[in-house]
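The values are calculated or read from the model by the stated rules, or taken from the named source; none is laboratory data. Source: prediction; values computed, not measured. Counting neighbours? That spans all protein chains shown, and the Cβs are built from the backbone with ideal geometry, glycine included. When the accessible area is computed, the model is the full protein with side chains, heavy atoms only, and any ligands, DNA or RNA have been set aside. Shrake-Rupley method; radii C 1.70, N 1.55, O 1.52, S 1.80 Å.
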Amino acid sequence: MTVATLTASAELLTRLARPEVRDLPAYNAGLSSEVVRQRYGVSHVARLASNENPLGPSPAVGRALAQLAQTIGLYPDANCRALRAAIAARTGAKPEQVVVGNGSENLLEVLCQAFLEPGDRVVTLLPSFGLHEIYPRMMGAKVQMLPVTPALEFDVDAWCAALTAGPAPKLAMLSNPSNPVGCMLDAAAFRRIVQATPQETLLVIDEAYYEYALRTPGFPDALAELRAQNRPWIVLRTFSKAWGLAGLRVGYGIASDDKLVQMLDRVRTPFNVNLAAQTAALAAWNDVAYMEKCVSDTVAQRQWLATQLHAMGVRMAPSATNFLFVDLQRPNGPVAEALLQRGVVVKPWKEVGYENFIRVSIGSVQDNALFLQAFADAMRNPV
Ligand SMILES: *Cc1c(COP(=O)(O)O)cnc(C)c1O
């Protein structure tokens with residue numbers, strides 16, 4: 001094929017695509033370890049860009065998966081009955097209020113598909129978890145992004161003002177704690193935002209870092225607070241972070257009503273959570289002690305790393321999560337590149353206004369030490 005026909009076809013495709021899709025930013029998923037190994041010639045890669053659990057899942061998960069070879073010829077349970085029952089039992093929900101997704105990102109997607117029409121208002125945070133902006137825009141919604149304060153905290157006054165001004169937002173999407181900043185709304189601030197949210201707004205509380213945030217005093221009991229309200233809401237959590245199952249893609253939501261779950265069930269693919277994912281999530285869920293140990297280790301390592309960075313004079317946001325949002329006070333690209341050359345992958349933030357920040361995940365003891373050394377080098381010798 002000639003260059004000319006390729007170009008013609010690319011132009012045609014741009015014209016055929018929905019306008020919402022044409023203008024979408026790509027999700028910034030970062031480099032794979034394999035690419036880093038090859039491109040930079042390093043033998044060890046410290047993966048500190050995706051907030052994964054460095055210890056991986058409970059050993060019970062491996063045992064459960066080893067039994068699966070006999071049954072993978074069969075479709076999984078389209079309704080995730082066993083997993084939903086287990087989640088319901090521990091969270092005090094009814095199974096009918098629980099929905100499971102191919103990662104919680106899948107639930108964000110089906111929420112947007114089920115509820116958003118072109119022109120609908122959506123309110124979310126800036127800087128943001130990319131999909132909180134991308135999925136609403138994909139549906140043609142107008143996304144209003146509320147910046148954190150200069151001190152890198154939620155701007156609760158701005159949230160209350162945005163929620164009460166103008167037509168009611170169709171969705172308010174709020175991650176608590178936030179990704180990428182790591183800041184947290186405490187119980188009083190959370191209550192203020194909930195009370196400022198119009199009754200006609202579906203409140204989506206993304207608690208991807210719930211298990212870590214429970215270790216920070218003041219973290220709100222969102223389910224208890226929301227259950228006391230007569231309004232639509234959903235709380236999203238995931239098996240990808242503290243439970244160590246990012247590779248298998250399982251997230252869940254606890255919804256205000258059975259009806260909300262039924263709406264999402266109409267939109268999601270029927271077998272959105274595969275057999276290995278359902279099996280692994282149930283095994284992980286039944287080994288709470290293992291998860292708690294991982295979270296304890298990670299929180300201790302986060303405190304260690306924050307102390308070391310503070311001692312170097314580095315500014316960062318207080319974190320209730322398994323990552324730190326670090327202010328380099330200079331463009332992040334050259335520093336991130338210098339880190340890659342040393343085998344350390346972090347996430348240089350790309351949203352306008354935040355290009356001086358990197359987000360670094362808390363990894364293993366060895367990788368955190370490697371990061372600290374490489375970071376000191378990279379700040380002295382950016383690329
Ligand atoms: C990691 C993350 C998710 C996505 O989790 P998956 O269950 O892996 O899709 C969702 N929301 C936020 C804020 C996250 O940081």
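The set of residues in the stretch 349-383 that are closer than 21 Å to Gln303 by Cα, touching a Phe, Trp or Tyr at 6+ places or on another chain (Cβ under 8 Å) and not in a helix (DSSP H, G or I) comprises Phe357, Ile358, Arg359, Val360, Ser361, Ile362, Gly363. Within the option set Arg249, Arg192, being over 21 Å from Phe115 (Cα atoms), assigned by the TED database to the domain that holds Thr71 and touching a Cys at 6+ places or on another chain (Cβ under 7 Å) holds for one residue only, Arg192. For the stretch 327-364, a residue qualifies if it is free of Cβ contacts under 8 Å to residues at least 40 places away in the same chain and among the β-branched types (Val, Ile, Thr), and the qualifying residues are Val352, Ile358. The set of residues from the stretch 224-244 being more than 16 Å from the ligand (Cβ to nearest atom) and either closer than 26 Å to Ala276 by Cα or open to solvent by 10 Å² or more (accessible area, probe 1.4 Å) (or both) comprises Ala224, Glu225, Arg227, Ala228, Gln229, Asn230, Arg231, Pro232. Is it true that Glu117 is assigned by the TED database to the domain that holds Thr279, modelled with pLDDT of 95 or more and under 29 Å from Ala17 (Cα atoms)? When the stated conditions are applied, Glu117 passes them.
Let's see how each residue does on (1) at pLDDT below 95; (2) open to solvent by 50 Å² or more (accessible area, probe 1.4 Å); (3) not charged (D, E, K, R):
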position	(1), (2), (3)
Glu34	yes, yes, no
Leu65	no, yes, yes
Val98	no, no, yes
Cys112	no, no, yes
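One residue stands out among those in the stretch 204-218 that are open to solvent by 30 Å² or more (accessible area, probe 1.4 Å) and not charged (D, E, K, R): the one that is farthest from the ligand (Cβ to nearest atom), which is Pro217. Residues that are open to solvent by 20 Å² or more (accessible area, probe 1.4 Å), in contact with a strand residue (DSSP E or B) (Cβ under 9 Å, 6 or more places away or on another chain), in a helix (DSSP H, G or I) and not aromatic (Phe, Trp, Tyr) occur in the stretch 245-257; there is at least one. All of Val156, Val143, Val99 fail the test of being farther than 25 Å from Asn28 by Cβ and within 16 Å of the ligand (Cβ to nearest atom), apart from Val99.
Screening Thr149 with (1) away from the ligand (no atom under 16 Å from the Cβ); (2) open to solvent by 40 Å² or more (accessible area, probe 1.4 Å); (3) hydroxyl-bearing (Ser, Thr, Tyr) gives one miss only, at (2).
Any residue at all in the stretch 302-309 that's loosely packed, with under 14 Cβ neighbours inside 10 Å and either not hydroxyl-bearing (Ser, Thr, Tyr) or not assigned by the TED database to the domain that holds Val99 (or both)? Within the stretch 302-309 (the criterion being loosely packed, with under 14 Cβ neighbours inside 10 Å and either not hydroxyl-bearing (Ser, Thr, Tyr) or not assigned by the TED database to the domain that holds Val99 (or both)), the answer is yes, since at least one residue qualifies.
Considering only the stretch 40-56, I want to know if a residue exists there that is in contact (Cβ under 8 Å) with a residue 60 or more places away in the chain, in a strand (DSSP E or B) and not hydroxyl-bearing (Ser, Thr, Tyr).
The answer is yes; a qualifying residue exists.
Any residue in the stretch 66-82 that's in the same structural domain as Asn272 (by the TED database) and touching a residue at least 24 places away in the same chain (Cβ under 8 Å): show its pairings with residues that are in a loop (DSSP other than H, G, I, E, B) and surrounded by 12 or more Cβ atoms within 10 Å (Cβ to Cβ) at Cβ separation under 6 Å, as long as the two are six or more apart or on different chains. Matching pairs, first to second residue: Tyr75/Phe271; Pro76/Phe271; Pro76/Asn274; Ala78/Phe271; Cys80/Val273.
Ser319 satisfies every condition listed in (1) within 19 Å of Arg37 (Cα to Cα); (2) touching a Gly at 6+ places or on another chain (Cβ under 6 Å) except (1).
Looking for something over 14 Å from Arg137 (Cα atoms), out of contact with any Gly (no Cβ under 7 Å at 6 or more places or on another chain) and not in a loop (DSSP other than H, G, I, E, B) - is there at least one such residue anywhere in the stretch 18-29? Looking for residues that are over 14 Å from Arg137 (Cα atoms), out of contact with any Gly (no Cβ under 7 Å at 6 or more places or on another chain) and not in a loop (DSSP other than H, G, I, E, B), one finds none in the stretch 18-29, hence no.
Quick check on the stretch 164-186. Is at least one of its residues within 27 Å of Arg359 (Cβ to Cβ), of a type in the set (Ser, Thr, Tyr) and either assigned to a loop (DSSP other than H, G, I, E, B) or under 16 Å from the mean Cα position of the chain (by Cα) (or both)?
Keep residues of the stretch 164-186 that are within 27 Å of Arg359 (Cβ to Cβ), which gives 169, 171-186.
Checking which are of a type in the set (Ser, Thr, Tyr) leaves us with 175, 178.
So of that shortlist, the ones also either assigned to a loop (DSSP other than H, G, I, E, B) or under 16 Å from the mean Cα position of the chain (by Cα) (or both) come out as 175, 178.
Yes, the stretch 164-186 contains at least one residue that is within 27 Å of Arg359 (Cβ to Cβ), of a type in the set (Ser, Thr, Tyr) and either assigned to a loop (DSSP other than H, G, I, E, B) or under 16 Å from the mean Cα position of the chain (by Cα) (or both).
Screening the candidates Arg315, Arg268 for the property of being of a type outside the set (Val, Ile, Thr), closer than 26 Å to Gln366 by Cβ and modelled with pLDDT of 95 or more yields one hit, Arg315.
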